[in-house]
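Below: one structure, written as structure tokens.
The values are calculated or read from the model by the stated rules, or taken from the named source; none is laboratory data. These figures come from a predicted structure and were not determined experimentally. A quick note on method: Cβ atoms are made from the backbone with ideal geometry, for glycine too, and the neighbour counts reach across all protein chains shown.
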Amino acid sequence: DVKVTQSSRYLVKRTGEKVFLECVQDMDHENMFWYRQDPGLGLRLIYFSYDVKMKEKGDIPEGYSVSREKKERFSLILESASTNQTSMYLCASTTPGQGHEQYFGPGTRLTVT
Amino acid sequence: GQNIDQPTEMTATEGAIVQINCTYQTSGFNGLFWYQQHAGEAPTFLSYNVLDGLEEKGRFSSFLSRSKGYSYLLLKELQMKDSASYLCAVSNDYKLSFGAGTTVTVRA
């Protein structure tokens, strides 16, 4: 059974803080993704990685960075949190190739005050 | 760019049928996914279409017309547990582009 876990379900941070969101998957998937989900906007891709130490910008990378030092772990970093980064953050993983579903973690609801 | 449209909300009665439409205009296409997301939970995979036509899986069916940039998800014999958001997503290379989601409310 595929499992994608995220380090926190709820997180409250102050403006300007550096924030780390961790994601771990146990299915040896090459591809991993970070999304944010906001009402009326759906899921938007922030960054993705198709291999260790590889990363690609998604549609909304500004204000974020990522790290993938091990295959199973993909971290999202908010260098200096701002209130407009208050959102639900979802991590996902999949194997490469057409038609493979993405498996999602439970999400982290981040509030920046 | 990517443009994926689906209705915001739909309401239906238990036992009925609901059809959720999704239209898309995207720069690339490797298939279309439907996901279900219950409130406060992760999205879970429902279906994948890459060729035109209907794919049936139990009470759920999904249809694709690539020439029209159109898909629908059909939910039959609605149950209360089907109350959720349904997300349409277009695949292009490694990535998925999502619509905003359709919230389906099933009434008794």
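Being surrounded by 15 or more Cβ atoms within 10 Å (Cβ to Cβ) and not in a strand (DSSP E or B) is a condition met by at least one residue of region B:66-74.
Taking the criterion of being more than 10 Å from every other protein chain (Cβ to nearest Cβ) and closer than 26 Å to A:Gly97 by Cβ, the residues of region B:69-102 that qualify are B:Gly69, B:Tyr70, B:Ser71, B:Tyr72, B:Leu73, B:Tyr86, B:Val90, B:Asn92.
Using the structure shown, decide if A:Leu90 is within 12 Å of chain B (Cβ to nearest Cβ), within 13 Å of the chain's Cα centre (by Cα), aliphatic (A, V, I, L, M) and under 18 Å from A:Arg9 (Cβ atoms). So A:Leu90 passes the test.
Do you know which residues across region B:75-108 are in a strand (DSSP E or B) and in contact with a Phe, Trp or Tyr (Cβ under 7 Å, 6 or more places away or on another chain)? Outline the logic, then answer.
Let us first name the residues in region B:75-108 that are in a strand (DSSP E or B), namely B:75, B:84-92, B:95-98, B:102-107.
Correct list: B:Leu75, B:Tyr86, B:Leu87, B:Cys88, B:Ala89, B:Val90, B:Ser91, B:Asn92, B:Lys95, B:Leu96, B:Thr102, B:Val104.
Give me the pairs: first residue in region B:1-18 and away from chain A (no Cβ under 14 Å), second residue of a type in the set (Gly, Ala, Ser), beta-carbon distance under 6 Å, and six or more apart or on different chains, which are they? If the second residue must be of a type in the set (Gly, Ala, Ser), the pairs left are B:Glu14/B:Ala108; B:Val18/B:Ala12. Residues that are surrounded by fewer than 18 Cβ atoms within 10 Å (Cβ to Cβ), of a type in the set (Ser, Thr, Tyr) and at pLDDT 95 or above are absent from region A:38-51 altogether. Within region B:1-56, the only residue that satisfies the criterion of being in contact with a Ser or Thr (Cβ under 6 Å, 6 or more places away or on another chain) and aromatic (Phe, Trp, Tyr) is B:Trp34.
Picking from residues in region A:80-95 that are modelled with pLDDT of 95 or more and exposed (fewer than 15 other Cβ atoms within 10 Å of the Cβ), the one that is farthest from B:Ala100 (Cα to Cα) is A:Ser80. Checked against (1) at the interface with chain A (Cβ under 9 Å from one of its Cβ atoms); (2) buried (at least 17 other Cβ atoms within 10 Å of the Cβ); (3) within 20 Å of B:Ser67 (Cα to Cα); (4) without any contact (Cβ under 8 Å) to a residue 24 or more places away in the chain, B:Asn49 passes all but condition (1). Of the strands (runs of 3 or more DSSP E) contained entirely in region A:1-81, those carrying at least 1 residues that are within 11 Å of another protein chain (Cβ to nearest Cβ) and over 17 Å from A:Val112 (Cα atoms) fall at A:4-6, A:31-38, A:42-49. The set of residues in region B:41-64 that are among the small types (Gly, Ala, Ser) and under 16 Å from B:Gly99 (Cβ atoms) comprises B:Ser47, B:Ser62. Screening A:Gly16 with (1) on the phi > 0 side of the Ramachandran plot; (2) surrounded by 16 or more Cβ atoms within 10 Å (Cβ to Cβ) gives one miss only, at (2). Any residue at all in region A:36-43 that's of a type in the set (D, E, K, R) and touching a helix residue (DSSP H, G or I) at 6+ places or on another chain (Cβ under 9 Å)? Yes.
Quick one: B:Glu56 ticks every box in (1) part of a loop (DSSP other than H, G, I, E, B); (2) surrounded by fewer than 17 Cβ atoms within 10 Å (Cβ to Cβ) bar one, so which box is it? Here B:Glu56 clears every test but (1).
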